[in-house]
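Structure first, commentary second.
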Amino acid sequence: GNLMKRVKGQPGLKLVDHPPYYGLLLDGDHEAALVLLEGLWDQLFKDKTPNGAVVAIPTRDVLSFCDADSAEGVAALRDVVKRLGPEAKGAVFQGLLLRREGRWSVLEDWA
């Protein structure tokens, strides 16, 4: 509930188009937590991720995503995670998440 209040409040949630992926800006501290808001992924951003969403949350203040079928987007998200690294302030997760059919899973590395 508190996270949704931040999204709907001021300045609110902002979508940043950064081809080949998108970023979400909220308050500079809770961006990674936006993965918890199912409505964002299942409704609001469904048109941007028709094949499922691949999401990077390397630090608490970074959330970037692309369509699961965008090889270029997935590669760019991997670069974001690698560039920030596990030693970054507020490090959260150094992999990628995949959302399909209303469920999150860890996107396995493509060998």
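Residue-wise HN-Hα couplings along the range 59-68, as the Karplus relation 6.51 cos²θ - 1.76 cosθ + 1.60 with θ = phi - 60° gives them from phi, are 9, 5, 9, 10, 9, 10, 8, 8, 5, 5 Hz; Gly and Pro carry x.
Karplus-derived 3J(HN,Hα) values for the range 14-24, using 6.51 cos²θ - 1.76 cosθ + 1.60 with θ = phi - 60°, are 10, 8, 10, 8, 10, x, x, 9, 10, x, 10 Hz; glycine and proline are entered as x.
Share of pairwise Cα-Cα distances greater than 14 Å in the range 1-54 is 54 percent (whole percent). Per residue, the chain exposes 60 Å² of accessible surface when a 1.4 Å probe is rolled over the protein heavy atoms with every protein chain present. Computed over the range 4-111, relative contact order equals 23 percent, with contacts defined as Cα pairs under 8 Å that lie 6+ residues apart.
Modelled this way, with points 7 Å down the Cα-to-C-beta line, the labels at MET4 and ARG103 are 2.4 nm from one another.
For the range 60-111, applying the loop criterion from DSSP together with a ceiling of 12 other beta carbons within 10 Å to the GluC sites (Glu not before Pro) yields GLU87, GLU101, GLU108. Among VAL54, VAL92, VAL16, the largest mean-square fluctuation in a Gaussian network model of the chain, built with springs joining Cα atoms closer than 10 Å, belongs to VAL16. For the range 1-47, the relative contact order comes to 26 percent (Cα pairs under 8 Å, sequence separation of at least 6). Solvent-free Debye calculation, one equal scatterer per alpha-carbon of the chain: log10 I(q)/I(0) at 0.13, 0.18, 0.20 Å⁻¹ equals -0.43, -0.86, -1.07. Taking θ = phi - 60°, what integer Hz values does the Karplus form 6.51 cos²θ - 1.76 cosθ + 1.60 yield along the range 36-47, in sequence order, with x for Gly and Pro? Values, residue by residue: 6, 8, 4, x, 4, 7, 8, 10, 4, 9, 4, 5 Hz.
The values are calculated or read from the model by the stated rules, or taken from the named source; none is laboratory data. This is a predicted model, so every value here is computed, not measured. Glycine gets a Cβ as well: all are built from the backbone with ideal geometry, and neighbour counts include every protein chain shown. Accessible surface areas use protein heavy atoms only, side chains included; no ligands, DNA or RNA. Shrake-Rupley method; radii C 1.70, N 1.55, O 1.52, S 1.80 Å.
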